[in-house]
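Shown next, in structure tokens, is the structure this report addresses.
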């Protein structure tokens, strides 16, 4: 019999959807006591994890207002990706799979608010999580808790977009927008592993200097001299490519940035739609459906430059075709083992400072990853 005695913990709750993420963070999120899990109720295939680190992702923010395509039902706890220590295991969990004392990270597609089935409540902004053993991975040697909880979501996105969808080849030139973000930094590393020349864009010289250190061949600041707009940068991209333009665009930003990217592409280029961080209000708030502010692209440019525009949803694609996932997860873990990829974490907060952490992500203060420590 397991005699482990656990103290109460804490967890963040989203009590209802708001008009936008900032309103949700300020008005509809609260820190409450989390009752310790009842070990007598632990199922044979489950494990209990004491959470040490939880990623603060852009998607976590959009979920709070119901402006993301996947909506957990409030009240719910945010935190798609997290890592921690195994405190207890069910009777059917073999030590070779997961053992008490192991450092693990959770599979965000199987548990937490982004998952589809029975473990949506097993989220990261909390002290404890109970999840099935098959939804946890051992943290690789040399990886921290912070790095582990910023691994799968970011690098699976980069893999799916650049490899599965974009079919990037060695010698091609890839333009990565929002390159100082978590998926942007992952894309820089993956594109370089594929043998591509990487041009990275962003809105801060300081951030772009770090992106260059992460492997980008060229960096371009796209911020307009006045205001928060996007300056004309197509000529700079053309100059860096000998007048030809880029073969592939990995676009996390959307809006005016996408329009400028189209004009910087080579004939026959591929635009990978990864996200739209510059226009987070494309959908209605409070979980209402519809997209009254949806981004639009000029069909005349797409036609005359023979461009291919690809939606690249890494999670939804797996829902449609589960066979896509095993090879990409295996490749990512192999790259980790070989020391070829590593997330960058710029911001760390204790769990009670969850509002500060989420607003730092919203404002764009973060370079790469941001984490909460429960």
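The values are calculated or read from the model by the stated rules, or taken from the named source; none is laboratory data. These numbers come from a predicted model, not from an experiment. Because the Cβ atoms are built from the backbone with ideal geometry, glycine has one as well, and the counts that use them run over all protein chains shown.
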Counting only strands (runs of 3 or more DSSP E) entirely within the stretch 66-132, those with at least 1 residues that are over 26 Å from residue 311 (Cα atoms) and touching a helix residue (DSSP H, G or I) at 6+ places or on another chain (Cβ under 8 Å) are 82-89, 103-106
Of the residues in the stretch 364-374 that are surrounded by 18 or more Cβ atoms within 10 Å (Cβ to Cβ) and under 20 Å from residue 10 (Cα atoms), the one that is modelled with the lowest pLDDT is 374
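Residues are listed down the side, and each one gets a yes or a no for (1) in contact with a strand residue (DSSP E or B) (Cβ under 9 Å, 6 or more places away or on another chain); (2) assigned by TED's automatic domain parsing to the domain that holds residue 179; (3) surrounded by fewer than 16 Cβ atoms within 10 Å (Cβ to Cβ); (4) closer than 12 Å to residue 200 by Cα:
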| site | (1), (2), (3), (4) |
| --- | --- |
| 224 | yes, yes, yes, no |
| 232 | no, yes, yes, no |
| 237 | yes, yes, no, yes |
| 249 | yes, yes, no, yes |
| 256 | yes, yes, no, no |
How about the stretch 40-56: which of its residues are touching a strand residue (DSSP E or B) at 6+ places or on another chain (Cβ under 8 Å) and closer than 29 Å to residue 29 by Cβ?
-> 42, 46, 47, 48, 49, 50, 51, 52, 53, 54, 55, 56
Looking only at the stretch 207-227, count how many residues are assigned to a loop (DSSP other than H, G, I, E, B) and under 19 Å from the mean Cα position of the chain (by Cα).
-> 1
Answer residue from the stretch 299-310, given it is outside any helix (DSSP H, G or I) and in contact with a helix residue (DSSP H, G or I) (Cβ under 8 Å, 6 or more places away or on another chain) and is farthest from residue 261 (Cα to Cα) among those | 310
Among 361, 325, 340, 355, the single one that is assigned to a loop (DSSP other than H, G, I, E, B) and either touching a helix residue (DSSP H, G or I) at 6+ places or on another chain (Cβ under 7 Å) or surrounded by fewer than 12 Cβ atoms within 10 Å (Cβ to Cβ) (or both) is 340
Exactly one of 184, 215 is surrounded by fewer than 24 Cβ atoms within 10 Å (Cβ to Cβ) and either modelled with pLDDT of 95 or more or at negative phi (or both), and that one is 215
Take the residues of the stretch 8-47 that are closer than 20 Å to residue 90 by Cα and surrounded by fewer than 17 Cβ atoms within 10 Å (Cβ to Cβ): which is farthest from the chain's Cα centre (by Cα)?
-> 40
